[in-house]
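The values are calculated or read from the model by the stated rules, or taken from the named source; none is laboratory data. Worth saying up front: this structure is predicted, and the values here are computed from it rather than measured. Cβ sites come from the backbone with ideal geometry, for glycine too, and all protein chains shown count toward neighbours. Please note that ligands, DNA and RNA were not included when accessible areas were found on the heavy atoms of the full protein model with its side chains. Shrake-Rupley method; radii C 1.70, N 1.55, O 1.52, S 1.80 Å.
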Amino acid sequence: SLNVKNKSHLFDNLPDNPYVYFVHSYCLDAEDKEIVVATANYGIEFDVAVGKGKAFATQFHPEKSGEVGLNILKNWVKLI
């Protein structure tokens, strides 16, 4: 599940700690923590979403994350 760290419109209208789909066995450790907008915990806490301005990157797969992912993609479209 996501732990939203910084208020980002990318995660508007989502439930608390929404579940998303991961398929990777690696994790991100962003050098600039100011751009981290969400983390997850799987034995360790790691960065899963970064954003600055209108640019965002996620380690998880919104397109495979059901209704939560669809809402994230809709929010992203509204930002551009």
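Within the stretch 8-56, being without any contact (Cβ under 8 Å) to a residue 12 or more places away in the chain and either within 21 Å of Leu73 (Cα to Cα) or touching a Pro at 6+ places or on another chain (Cβ under 6 Å) (or both) holds for Asp16, Gly53, Ala55. Restricting attention to the stretch 34-63 and to residues that are polar (S, T, N, Q) and out of contact with any Lys or Arg (no Cβ under 8 Å at 6 or more places or on another chain), the residue that is most open to solvent (accessible area, probe 1.4 Å) turns out to be Asn41.
Restricting to the stretch 64-76, name every residue that is farther than 14 Å from Lys7 by Cα, open to solvent by less than 90 Å² (accessible area, probe 1.4 Å) and not β-branched (Val, Ile, Thr). If the condition is that a residue be farther than 14 Å from Lys7 by Cα, open to solvent by less than 90 Å² (accessible area, probe 1.4 Å) and not β-branched (Val, Ile, Thr), then Ser65, Gly66, Gly69, Leu70, Asn71, Leu73 are the ones that fit. Scanning the stretch 5-22 for residues being open to solvent by 90 Å² or more (accessible area, probe 1.4 Å) and in a loop (DSSP other than H, G, I, E, B) gives a total of 5.
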